[in-house]
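> Can you read through this structure? Questions will come right after.
The values are calculated or read from the model by the stated rules, or taken from the named source; none is laboratory data. Since we're looking at a predicted model, the values are computed, not measured. Here Cβ is always computed from backbone atoms with ideal geometry, including for glycine, and neighbour counts include all displayed protein chains.
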Amino acid sequence: MSAGYQTAAMRVVTVLGVLLLIGAVAFYSAVDLVLTVVPSVVAVLVTIAYCLVVLLVAMSLLWSFPGRLRIAAALLTCLAIFAIRLTDTNSRKPFLRSLSQVQTGMTVAEVDRIMAGFQRSPAGPGELAPAGTVGFRHTDEGWGNADIGLVTFHGGHVVEVRFLPD
């Protein structure tokens, strides 16, 4: 094999490796929308596992990079992935974080305090719907206007918390 062919092949593999890293970050930003609705421990474990896979693939595809540059590229990709995880890209993440703080046994007033920044139905603080429920929403925009955090009360205390995604 000629040296020119090997150099060209190395360039192609390097370009593919860089494109893979960019694609991995873009793919994770879509996955993060789904991970928002799962418990945070599971989401963090999935994020860590995803980063490990990206690191292994990046290290093997970027073999033509000098050692430090290869490690830096892979680590920067993982940092970007974790930044996406920690960034509130829309109102759904803070809504779900707040909703996850609502626990069985809490009073209506405690729930209202936790969910204060979100739309409440029925609208009056302390009010309950006839079925003993309160619904919370985080946006009126079409992409998430049917996301509902439904809190059910019995005897003035929370008995169930559910998220009904759009």
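> Among the residues of the range 39-86, write down those that are modelled with pLDDT under 85 and either under 30 Å from Asp140 (Cα atoms) or among the charged types (D, E, K, R) (or both).
Pro39, Ser40, Val41, Val42, Ala43, Val44, Arg68, Arg70, Arg85, Leu86
> A further question follows. Return the residues of the range 54-70 that are free of Cβ contacts under 8 Å to residues at least 12 places away in the same chain and under 16 Å from Leu19 (Cβ atoms); say none if nothing qualifies.
The answer is Ser60, and nothing else.
> Something else about it: Within the range 77-119, which residues are in a helix (DSSP H, G or I), of a type in the set (A, V, I, L, M, F, W, C) and touching a residue at least 12 places away in the same chain (Cβ under 8 Å)?
Within the range 77-119, Cys78, Ala80, Ile81, Phe82, Ile84, Phe95, Leu96, Leu99, Val108, Ala109, Val111, Ile114 meet the criteria.
> Moving on. Taking the options Pro94, Pro122, name whichever one is closer than 29 Å to Ala146 by Cβ, more than 24 Å from the chain's Cα centre (by Cα) and at pLDDT 85 or above. Spell out the reasoning first.
On the way: Pro94 fails: more than 24 Å from the chain's Cα centre (by Cα).
Among Pro94, Pro122, only Pro122 is closer than 29 Å to Ala146 by Cβ, more than 24 Å from the chain's Cα centre (by Cα) and at pLDDT 85 or above.
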